[in-house]
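Engineer: One structure is given below, represented as structure tokens, and several questions about it will come after.
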Amino acid sequence: MPITTAGDRDRTKPFGEIGARGVFVKEIEEALLAGRIDVAVHSAKDTEGLAVGAYLAREDPRDALCGAAELRAGMRVGTASVRRRAQLLALEPSLSIEPLRGNIDTRLRKRGERGLDAIVLAACGLDRLGLGAEIGRRLSPDEMLPEAGQGALALQVRAGEEGLVVGADDAETRRRVEAERECVFALGGGCLAPVAAHHDGELLTALVAAEDGSWVERRSGSDPAALAAELAPLAAS
């Protein structure tokens with residue numbers, strides 16, 4: 001059942017002008033609640049009356065630099081993510097970060113049309129579409145901490161109907177992603193905040209940053225709530 005969302009329809013405005021969080025899932029979740037579909041497949045989200053019945057085995061969670069093999073001073077780099085923007089500027093303050101919207105094919109095309117030196121996309125999306133050759137460099141989490149849940153697809157169902165998809169659930173992916181999401185939720189993160197969390201299987205690392213990359217703070221540990229409490233005063237500043 002193809003569904004077009006607000007984020008798909010408007011590919012020019014910044015996310016905050018379209019409706020903040022949920023711009024790529026609202027219509028899908030409404031269809032699920034109304035019974036027009038039974039399962040939604042997308043990055044993990046939460047809505048009252050709905051539940052994540054399964055997480056598929058996680059793919060590459062890293063961010064990918066496309067168009068270049070490394071960051072260089074003065075480069076023009078396209079991304080609509082404030083999380084990526086903050087960390088890119090922390091790595092190389094002289095970068096010119098330019099807004100870039102659209103699906104993967106559109107963003108790759110716009111890189112050439114606008115003469116951008118590089119763009120940053122989720123590696124997993126490129127891999128799923130057979131476009132891994134577009135990647136010049138996969139940025140390690142030490143360089144750029146991924147968004148919570150990046151690389152993992154969630155199967156969302158109506159609450160009480162988790163049995164429809166429970167057989168597809170990957171327990172290790174669920175353990176890691178739920179810890180990441182708990183931490184980011186406590187920090188008030190989302191598409192509009194330079195907040196990130198990533199679990200490598202041993203440690204959970206959380207990050208908050210200034211939007212201009214002038215400061216970045218990371219904390220690592222095992223307790224999502226404790227990490228969020230430690231970073232929350234910085235996220236609010």
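Engineer: Between Ala226 and Leu56, what is the FRET efficiency for a Förster distance of 25 Å, r being their Cβ-Cβ separation, to the nearest 0.05?
Structural biologist: Efficiency, rounded to the nearest 0.05: 0.30.
Engineer: If you don't mind, another one. Using a 1.4 Å probe on the protein heavy atoms, what percent of the accessible area of the chain belongs to carbon and sulfur?
Structural biologist: About 50 percent, which is the carbon plus sulfur part of the accessible surface.
Engineer: Calculate, in whole percent, how much of the Cα-Cα pair population of the chain lies beyond 34 Å.
Structural biologist: Result for the distance tail: 13 percent.
Engineer: Please get the size of the charge dipole for the chain, origin at its Cα centre, with Cβ charges of +1 on Lys and Arg and -1 on Asp and Glu, quoted in debye to the nearest 20.
Structural biologist: 820 debye
Engineer: Could I ask something else about it? Which of the DSSP-defined H helices in the chain satisfy a minimum axial length of 15 Å, computed from C-alpha atoms, and a minimum mean Kyte-Doolittle hydropathy of -1.0?
Structural biologist: Flagged H segments are 171-187, 224-235.
Engineer: What number comes out for accessible area per residue over the chain if the probe is 1.4 Å? Units Å², please.
Structural biologist: Averaged over the residues of the chain, the accessible area is 47 Å².
Engineer: Rounded to whole Å, give me the distance from the Cα center of segment 50-74 to that of segment 115-190.
Structural biologist: One Cα centre to the other: 7 Å.
Engineer: Pick out, from Gly188, Pro146, Ala210, the residue whose Cα sits farthest towards the positive end of the charge dipole of segment 142-237, with +1 on the Cβ of Lys and Arg and -1 on the Cβ of Asp and Glu.
Structural biologist: In segment 142-237, that residue is Gly188.
Engineer: So, one more: So what is the relative contact order for the chain, in percent, with contacts set as C-alpha pairs under 8 Å and at least six apart?
Structural biologist: 25 percent.
Engineer: Put Glu147, Glu180, Glu27, Glu70 in order of accessible area, largest first, 1.4 Å probe: what do you get?
Structural biologist: Greatest to least solvent exposure: Glu70, Glu147, Glu27, Glu180.
Engineer: Rounded, prolate or oblate, given the Cα gyration tensor of segment 93-158, with a/c below 1.5 counting as rounded?
Structural biologist: Prolate.
Engineer: If each of Ala168 and Arg128 carries a label point 7 Å out from its Cα toward its Cβ, how far apart are those two points in nm?
Structural biologist: Taking the two extended label points, one gets 1.1 nm.
Engineer: Follow-up. What are the extents of the Cα atoms of segment 185-229 along their three principal axes, in Å, largest first?
Structural biologist: Largest to smallest, the principal-axis extents are 30, 18, 17 Å.
Engineer: Roughly how many nanometres apart are two label points built 7 Å out from the Cα toward the Cβ at Trp215 and Ala236?
Structural biologist: 1.5 nm
Engineer: Can I ask one more? For segment 113-237, just say rounded, prolate or oblate: build the C-alpha gyration tensor, square-root its eigenvalues into a ≥ b ≥ c, call rounded for a/c under 1.5, and beyond that prolate if a/b exceeds b/c, oblate if not.
Structural biologist: oblate
The values are calculated or read from the model by the stated rules, or taken from the named source; none is laboratory data. Predicted model only: the values in this text are computed from it and were never measured. Don't worry about glycine lacking a Cβ; one is built from the backbone with ideal geometry, like all the others, and counts go over all protein chains shown. In case anyone asks, the SASA skips ligands and DNA or RNA and just uses the protein heavy atoms, side chains included. Shrake-Rupley method; radii C 1.70, N 1.55, O 1.52, S 1.80 Å.
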